[in-house]
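Each remark here refers to the structure printed beneath this line.
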Amino acid sequence: MVDIWSGIGAELSKPSGEWLYRVGGEVRGPVPIKVLAEKLIKGELSLTTPVAVEGGDFYPVVQVTAFAVHITEAKKAARKRNAIKMRRVMMVLGLMLIAGGGVGGFFIYKEYKQDAHERVLAEKKRLDDERLKEEERQKRGKLELVALVTLGTAEEVKIKAEPKRGVAPKSKGITKPGSKEPVEETPAGKSDQMVSSCERGTNDILGALSKHVSKLNVCVVEEKKGPEGNLLPAKLVIEFVVRPDGKVVDFGIDDRHYRTGPLKNCMTKVFNTIKYDAAGGSNCPVTLPLNIGS
């Protein structure tokens with residue numbers, strides 16, 4: 001340890017000679033350095049105890065070079081005393097616990113068990129509250145999700161029939177120019193497009209499609225975030241074909257502003273995921289309106 005009090009006097013670093021020490025304002029000594037060292041190691045003196053050689057000034061022990069070795073030993077001894085003291089305290093507490101026997105142990109166990117039970121109940125309540133909040137959040141999210149897009153009614157759904165190949169249109173009572181033979185005329189409201197059959201009803205079309213309205217709503221929400229989102233009409237007419245195997249193909253939007261672009265691409269992806277049950281008959285070309293909320 002370097003003597004930070006350089007220039008005080010050479011005798012401060014000499015282990016020999018007689019020393020004075022001050023306790024509570026009382027100066028004691030002179031005594032040999034060996035006596036002071038023993039008191040320091042035993043804990044009778046602290047590292048801040050003022051010491052001085054005879055005729056010199058007082059300085060704390062920790063600042064005097066002559067006591068450097070003794071200070072190290074004193075610190076080790078202090079740590080040992082503290083460890084012994086701690087072991088004694090733990091031993092006394094252990095004996096008191098044993099002496100208390102069943103009564104003390106019972107109350108300690110009961111208190112611990114009660115605290116544990118309360119912690120479990122508190123944690124359960126916290127988890128339940130979080131679950132309810134999450135369910136409420138999801139519920140609000142679903143309500144918000146379907147708020148913008150709704151499907152048209154069953155009366156608004158149009159299912160066309162594809163013409164059968166090789167079937168020519170028929171007419172009745174009409175004479176072609178240059179011909180004397182009358183041609184059979186097509187009955188009112190009938191055409192070659194009504195020859196094939198689609199075995200899906202409007203409720204079937206709406207039933208499967210309603211499960212994907214939330215996804216269509218996402219497309220509309222994203223479109224509304226764009227620079228021309230406020231131009232979306234209140235109703236969009238969409239077209240698609242349901243094949244007999246249930247796959248949906250040929251999706252389109254019957255609006256020249258949205259026949260291409262992000263909204264069309266987004267909804268096309270949604271319709272590519274829609275799957276109807278297999279059915280007989282031909283392809284079913286469907287036209288229906290989507291109602292767009294503000």
Residue count for segment 40-58, restricted to those that are surrounded by 12 or more Cβ atoms within 10 Å (Cβ to Cβ), touching a strand residue (DSSP E or B) at 6+ places or on another chain (Cβ under 8 Å) and not hydrophobic (A, V, I, L, M, F, W, C): 2
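Listed here are the residues, each with its yes/no results for (1) touching a strand residue (DSSP E or B) at 6+ places or on another chain (Cβ under 6 Å); (2) surrounded by 16 or more Cβ atoms within 10 Å (Cβ to Cβ).
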position	(1), (2)
PRO233	no, no
ASP250	yes, no
ASP254	yes, no
LYS269	no, no
TYR276	yes, yes
Picked from segment 223-260 (must be β-branched (Val, Ile, Thr) and more than 37 Å from the chain's Cα centre (by Cα)), the residue nearest to GLY201 (Cα to Cα) is VAL242
The listed residue being modelled with pLDDT under 85, exposed (fewer than 14 other Cβ atoms within 10 Å of the Cβ) and β-branched (Val, Ile, Thr), out of ILE8, ILE84, ILE108: ILE108
Per the list (1) surrounded by fewer than 13 Cβ atoms within 10 Å (Cβ to Cβ); (2) more than 27 Å from the chain's Cα centre (by Cα); (3) closer than 30 Å to LYS215 by Cα; (4) modelled with pLDDT under 85, residue check on THR153 breaks on (4)
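The values are calculated or read from the model by the stated rules, or taken from the named source; none is laboratory data. Not measured: the values here are computed from a predicted model. As a convention, Cβ positions derive from the backbone with ideal geometry for all residues, glycine included, and neighbour counts pool all protein chains shown.
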